[in-house]
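J.: Mind having a look at this structure? Questions to follow.
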Amino acid sequence: MESRHQGCRVFVENPSGDFYHPGRGHEFLSVLERLPTEFRQPVRAIILRRTPKLDFKLGIEARMRFRCVILNSFPRSNEMVWKASPTQSVRRHYTRWCSRWIEKEVGATLQWTSEEIRRYYLFHLFLHEVGHVNQPLFHDSGRREGFAENFALEWAANFAELPMPCEAGD
């Protein structure tokens, strides 16, 4: 399915039975509309995609390709599962949006509500990828990720959608 809004197209793939899209195309377009023109204009398309098996295995939630934001579907279980214990920086990253960590003998699970994952997709994942669309041409991948992460956090805060900062010890 495809829709269009002021030059930005939205494509929605069937997510499959075990997955769903936490946000709708018009919700992502609404977030995009809140950005200044110079940040939204370069975004060519938003693709709500069926999660490829490799992306699921590698824990890839989103991508940016050719100025298109690609958001993978999310498991209907509303769980993110780590086979090994996540690092403190990974925990800090997610705890801002969801803090229900379930510790396992090996690894951990983060249990989301539908509203938490929707907000995370709209105001973090999506904005992070829009940041990649708008980033300067860096050669160092660490600088690219840092720029996109800061872009997402700054705009989520500007939109008053950024949850409380997580504690350093969490």
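The values are calculated or read from the model by the stated rules, or taken from the named source; none is laboratory data. Bear in mind that the values here come from a model prediction, so they are computed numbers and not experimental data. A quick note on method: Cβ atoms are made from the backbone with ideal geometry, for glycine too, and the neighbour counts reach across all protein chains shown.
J.: Would you tally the residues in region 51-73 being loosely packed, with under 15 Cβ neighbours inside 10 Å and on the phi < 0 side of the Ramachandran plot?
T.: Total meeting the criteria: 7.
J.: Taking only pairs six or more apart or across chains, which ones have beta-carbon atoms under 9 Å, a first residue in region 83-101 that is at negative phi, and a second residue that is assigned to a loop (DSSP other than H, G, I, E, B) and β-branched (Val, Ile, Thr)?
T.: Close Cβ pairs (under 9 Å, with a partner that is assigned to a loop (DSSP other than H, G, I, E, B) and β-branched (Val, Ile, Thr)) amount to 83/106; 84/106; 85/106; 98/113; 100/113.
J.: A further question follows. Given the conditions (1) modelled with pLDDT of 90 or more; (2) at negative phi; (3) surrounded by fewer than 17 Cβ atoms within 10 Å (Cβ to Cβ); (4) of a type outside the set (Val, Ile, Thr), which single one is not true for residue 140?
T.: (1)
J.: Residues that are closer than 25 Å to residue 163 by Cβ, at least 1 per element: which helices (runs of 4 or more DSSP H) completely within region 21-94 meet that?
T.: Result: 25-34, 37-40.
J.: Could you please let me know if residue 122 is surrounded by 15 or more Cβ atoms within 10 Å (Cβ to Cβ), closer than 19 Å to residue 162 by Cβ and either charged (D, E, K, R) or out of contact with any Lys or Arg (no Cβ under 6 Å at 6 or more places or on another chain) (or both)?
T.: yes
J.: I'd like to check something: does region 101-113 contain any residue that is assigned to a helix (DSSP H, G or I) and of a type in the set (A, V, I, L, M, F, W, C)?
T.: The answer is no, given that none of the residues of region 101-113 is assigned to a helix (DSSP H, G or I) and of a type in the set (A, V, I, L, M, F, W, C).
J.: Here is a further query. Test each condition in (1) surrounded by 16 or more Cβ atoms within 10 Å (Cβ to Cβ); (2) basic (Lys, Arg); (3) closer than 23 Å to residue 24 by Cβ for residue 76 and report the one that comes out false.
T.: (1)
J.: Of the residues that sit in region 79-108 and are surrounded by 13 or more Cβ atoms within 10 Å (Cβ to Cβ) and among the hydroxyl-bearing types (Ser, Thr, Tyr), which one is nearest to residue 21 (Cα to Cα)?
T.: This residue is 94.
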